[in-house]
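Everything on this sheet refers to the single structure shown next.
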């Protein structure tokens, strides 16, 4: 779950901390206070693109930290995208200067934006009004349908076979100029492999080569430090070992009469043993610098040779073994292009027959799963006052039986023989449109919410963030929206920016965003609302700032209805 979001010098936020809870959290506030900036901040912390405008005026940089708690079994951790952490807490930190990030970090360790992006898709799904995010993409719709129908393994097997067939197809299509380019590339790869073989990088001796050079170059100074250390610990008349021994002898006659003194002497004995070990290591280090000037020169020469080779191969010296492995794989792939085309064509034909059969079986199962998903979404839409709406999943074939087999590779895709499209007809008699074409803001919001509810088991991110997804929806539907979001929060952490009082009244935690002027500067602050403060905020959402006893009573009734009253500090 998302535990905390810390914003420093981010647009309107000078310094603010948003603390979330599991279950359902709502965020409310006046228009322009900065509510929707919060979704953007989370995206930035997880690798999103930045611009100079996000840095608060007068500041050199903006800093954002998002704290997640993730079990070891979470896909982002189990897959290796994120390193395992004993506390199972992951702090995603982003610092932006002049619109450019000078730091992405997870638990204070540098991270690439690409790795963060891959991980973020498994952590949180952010949905906003008129922003269907990934749910409007046909490829993602197909992915969700496969999860819903438990078809992931079959889809992966199809994709693997498709890529094998495409590799053979590309080899057959290669022109003479392309083959010459591949031949030249193969020669280059083999030349680099020979360089690597001649260099003979050995991780056991070369990994710490520069460290050893640094030590040997300063051998006299290091030897002197070691000898001084040995004298201080052991050889001098007032050496620490002698002084500790004297202290132990003085305490020893009284140790039997005092548990504290027994503990003290035990610890001092341990310290003496540790000093003996330290002296042994210092002596070992002192004798470890017996190296000739020629040997040192050879080490420096080897280090420079490895460094130059690494620069040519665009890597670091310690990455040379990994680079060699990649080059050998590339050599194998390039060499395969030199095989006889007759055998390749025969192999491709057999693969395409298997691919067509597998794709048709997968398509049939997707159509069946799509019908079940359509019924599930229709049921959710009925609860959202769209009882006549019809949600459907269509499979538009990109290749059909009887078409030329090779057209399968140019017309279909690695995802399947068909394009999966989610469609909706909001009212009877209307033509079904894709989600991207749905015009009405209210209908779009409800469809998105219905989908997320129906797909809550298949939609993997444990955190769902709704940025005013209830925009365009009137108060009459507020209770239905609130119930849906509350139901979702039983399986996922749900965070919603809302203007509907019913939604605010149903939450487990209520955060309020407001502008604050201090010494002539405006800043946005965030507070957790409880008791009377929360009641007043919900009353303001009903009527505006001109609250009355009637609106307060309405707010209290809403909170009772949704189980959030009584409140602390009432």
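Computed from the coordinates by the stated procedures, all read-outs in this text should not be read as laboratory data. Being a predicted model, the structure only gives us computed values, none of them experimental. Heads up, the Cβs are rebuilt from the backbone with ideal geometry, glycines too, and the neighbour counts pull from every protein chain shown.
Below are the figures for this structure:
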| read-out | value |
| --- | --- |
| Residues 559, 271 arranged by fewest to most Cβ contacts within 10 Å | 271, 559 |
| Sequence ranges 448-455, 178-185, ranked by mean other-Cβ count within 10 angstrom, highest first | 448-455, 178-185 |
| Relative contact order %, region 203-326, counting alpha carbon pairs below 8 Å whose residues are six or more apart | 31 percent |
| Potential lengthening between residue 185 and residue 214 on full extension [0.36 nm per residue; Cα-Cα distance subtracted] | 6.6 nm |
| Net length gained if the chain between residue 112 and residue 258 were fully extended (0.36 nm per residue, minus Cα distance) | 46.7 nm |
| Full-stretch length increase - residue 333, residue 89 - with 0.36 nm per residue and alpha-carbon distance subtracted | 83.7 nm |
| Pairwise FRET efficiency - residue 407 versus residue 371, Cβ, R0 = 25 Å, nearest 0.05 | 0.35 |
| Region 203-326, Rg to Rh (Cα coordinates; Rh as Kirkwood inverse mean 1/r) | 1.26 |
| Helix-derived mean residue ellipticity, 222 nm - over the chain, DSSP H n ≥ 4, -39500 (n - 2.57), to 500 | -16500 deg cm²/dmol |
| Calculated FRET value between residue 274 and residue 308, using beta carbons and R₀ = 41 Å, to 0.05 | 0.40 |
| Antiparallel %, DSSP beta bridges [both residues in the chain], to 5 | 70 percent |
| Cα-based shape type of region 352-396, given that a ≥ b ≥ c are square roots of the gyration tensor eigenvalues and the cut on a/c is 1.5 | prolate |
| Scattering profile of region 487-566 at q = 0.17, 0.20, 0.26, 0.27 Å⁻¹ [log10 I(q)/I(0), Debye over alpha-carbon scatterers] | -0.70, -0.90, -1.27, -1.33 |
| Alpha-carbon centroids, region 365-405 and region 207-247: separation in whole Å | 76 Å |
| Rel. contact order, % - alpha carbon contacts under 8 angstrom, at least six apart, the chain | 21 percent |
| Listed peptides 309-317, 51-59, 414-422 by packing density, highest first (mean Cβ within 10 Å) | 414-422, 309-317, 51-59 |
| Euclidean distance of C-alpha centroids, region 445-524 and region 32-103, integer Å | 21 Å |
| FRET efficiency, residue 172 to residue 430 (Cβ-Cβ, R0 35 Å, nearest 0.05) | 0.15 |
| Cα-based shape type of the chain, given that a ≥ b ≥ c are square roots of the gyration tensor eigenvalues and the cut on a/c is 1.5 | oblate |
